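*Asks:* Could you have a look at this structure, given as C-alpha cells, before my questions?
Values in this text are rule-based calculations from the coordinates and carry no lab data. This structure is a prediction, so every number in the text was calculated from the model and none was measured. So basically every Cβ, Gly included, is an ideal-geometry build from the backbone, and we count neighbours across all protein chains shown.
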Amino acid sequence: MEDMFPFHKENYKYLFIGLALLALGFILMIGGGSDDPNVFSNSIFDTQRLTIAPLLLIAGFAVEMWAVLKRPSEKK
C-alpha cells in the first residue's frame, strides 16, 4: 500500500523541516518599518533582514528540493 504514494515518511519529514525554515525566514523579514512615513528607519538594514532571513529561505528551498527528489531507502 505504501508503494502507491509518491512520498514516504522520510520525504514528509524533510518537507515539514523545509516549510519550517521557510516560515522562519519570512517571519524574520517582517517589520523594520516606521510608523510615520516621513521618518526613515535604519532598522530595515539590520543583519537579521539582510543576511539571516535570506540564508534561511535558501536553506528552506534547498531542503524542499531535497525532500521532493529523495528516493526512498531500500529495505532488505
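*Asks:* To the nearest 500 deg cm²/dmol, what mean residue ellipticity at 222 nm is calculated for the chain from DSSP H runs of n ≥ 4 alone, each contributing -39,500 (n - 2.57), summed and divided by the residues?
*Replies:* Only helices count here, giving -17000 deg cm²/dmol.
*Asks:* Pick out, in residue order, every one of the GluC sites (Glu not before Pro) in the chain that is DSSP loop and has at most 13 other C-beta atoms within 10 Å; say none if there are none.
*Replies:* Glu74
*Asks:* Further question: Please work out how much length the chain gains when fully extended from Tyr12 to Leu69, using 0.36 nm per residue of separation minus the C-alpha to C-alpha distance, in nm with one decimal.
*Replies:* 19.3 nm
*Asks:* While we're looking at this one, here's another question. What's the angle, to the nearest 10 degrees (0 to 90), between helix 53-69's Cα axis and the longest principal axis of the chain?
*Replies:* 20 degrees
*Asks:* Apply 1/(1 + (r/R0)^6) to the Cβ-Cβ distance of Phe5 and Phe26, taking R0 = 22 Å, and write down the FRET efficiency to the nearest 0.05.
*Replies:* Once the sixth-power term is evaluated, E becomes 0.15.
*Asks:* If you don't mind, another one. Nearest 10 degrees is fine. How inclined is helix 9-29 to the longest principal axis of the chain, computing both from alpha carbons?
*Replies:* The two axes meet at around 0 degrees.
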